[in-house]
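Just so it is clear, none of the values below were taken in a lab; they were calculated from the coordinates. None of the values given here were measured: they were computed from a predicted structure. Using ideal geometry, Cβ is built from the backbone for each residue, glycine included, and neighbour counts are taken over all protein chains shown.
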């Protein structure tokens, strides 16, 4: 990877200008990039060639979703070998053939499970865990469901919480393969085989929007929300007696998820980029950086994208904030809330209808 960028940014390889509305992030697998967008009265899943930006296929998946904070799909598609799982903002969950976009099966979380969508639409990325795909309809007795990934048939359903905006993760607790989720009401843990409740922790949830994906490491699970709430590190045990290691308001992730690099979390606490020790909750530094935004980690660097279109290359060290380079892309009518993506020596940035691909190979 490039160790620094010119003032104008890395070399632009290609640009696509027909994604449509949406905050869906790109998923890259092999020579294909998958993303979702809304065009006219329809949401779509689309595939592009990563080398040229050439469109490969486009499959309709969901009715149009319009909101006061932007329109269209919010989720990043999940690639699982030859198949692709995509959730649209209206609750349409589609399993597609990755090579062609052919629909294998499809269902709607509202129609199938009496799902209660969040105010700004379904936003999670489906979790593929073994032979199942896990999503959060937020329905009565079906807050979380596990489906057969080959057929879409229901394997189990669990809990009564309304849906949040966060994606589920899988982790192992002792001999139990578990799921960690952040619903609209609590941080919960479920047994992956049958959906049985392992733990429930409500203090970290707020009543507006619970968005960040949980982070699991070394037997601990981290959850964070904004709107003045805060973060918690939990130590789950197989007997369900989950311990609170710490709770503080020093890492309040809004629409972004922190990244764990070594012993430290790096993420936006509301508008401030913050480095915080994972196991203690002790803050190492804070900086306004590129403005409120998203961060990912790749090639020993943080790639941070502010909601006004500033992109920063940052050295992740707890010693101090160290920005290496930055450049900007134009911002449109809505904030640039889509996280960056890095794959195959290329940096991908989405701004609603526009998708930029930059060469960051050394």
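Compute the Cα gyration tensor for segment 167-307, then decide on rounded, prolate or oblate, letting a ≥ b ≥ c be the square roots of its eigenvalues: rounded whenever a/c is under 1.5, prolate when a/b is larger than b/c in the other cases, and oblate in all that remain. All intermediate terms of the calculation are to be shown ahead of the outcome.
On the way: a/c = 1.89, a/b = 1.63, b/c = 1.16.
Judged from the Cα gyration tensor, segment 167-307 comes out prolate (a/c at least 1.5, a/b above b/c).
When ranked by the protection proxy of mean other Cβ atoms within 10 Å per residue, highest first, what sequence do the peptides 162-168, 309-315, 55-61, 71-77 form? Don't skip to the end; give the middle numbers.
Numbers: 162-168: 24.1, 309-315: 21.0, 55-61: 17.4, 71-77: 26.1.
Ranked by mean Cβ neighbours within 10 Å, highest first: 71-77, 162-168, 309-315, 55-61.
Looking at the square roots a ≥ b ≥ c of the eigenvalues of the Cα gyration tensor of segment 248-308, which shape do they give, rounded for a/c under 1.5, prolate if a/b is larger than b/c, or oblate? Mind showing how you got there, number by number?
Working: a/c = 1.87, a/b = 1.18, b/c = 1.58.
Judged from the Cα gyration tensor, segment 248-308 comes out oblate (a/c at least 1.5, b/c at or above a/b).
Over segment 176-305, what relative contact order in percent results from Cα pairs under 8 Å that are six or more residues apart?
15 percent
Which whole-number percent is the relative contact order of segment 126-227 (Cα, under 8 Å, 6+ apart)? Kindly include the intermediate steps, with their values, before the conclusion.
On the way: 260 pairs, mean separation 20.2, N = 102.
That works out to 20 percent.
Rounded, prolate or oblate: which fits segment 242-362 when a ≥ b ≥ c are the square roots of the eigenvalues of the alpha-carbon gyration tensor, with rounded for a/c under 1.5 and prolate only if a/b beats b/c? Each step should come with its number before you reach the end.
Numbers: a/c = 2.04, a/b = 1.58, b/c = 1.29.
Here segment 242-362 falls in the prolate category.
Over the chain, what is the relative contact order in percent, taking alpha-carbon pairs closer than 8 angstrom and at least six residues apart? Don't jump to the answer; show the numbers that get you there.
Numbers: 1067 pairs, mean separation 46.5, N = 362.
Rounded, it is 13 percent for the chain.
With each run of n ≥ 4 DSSP H residues scored as -39500 (n - 2.57), what mean residue ellipticity at 222 nm is computed for the chain after dividing by its residue count and rounding to the nearest 500 deg cm²/dmol? Walk me through the numbers on the way to the answer.
Details: 1 runs with 5 residues, N = 362.
It comes out at -500 deg cm²/dmol, rounded to the nearest 500.
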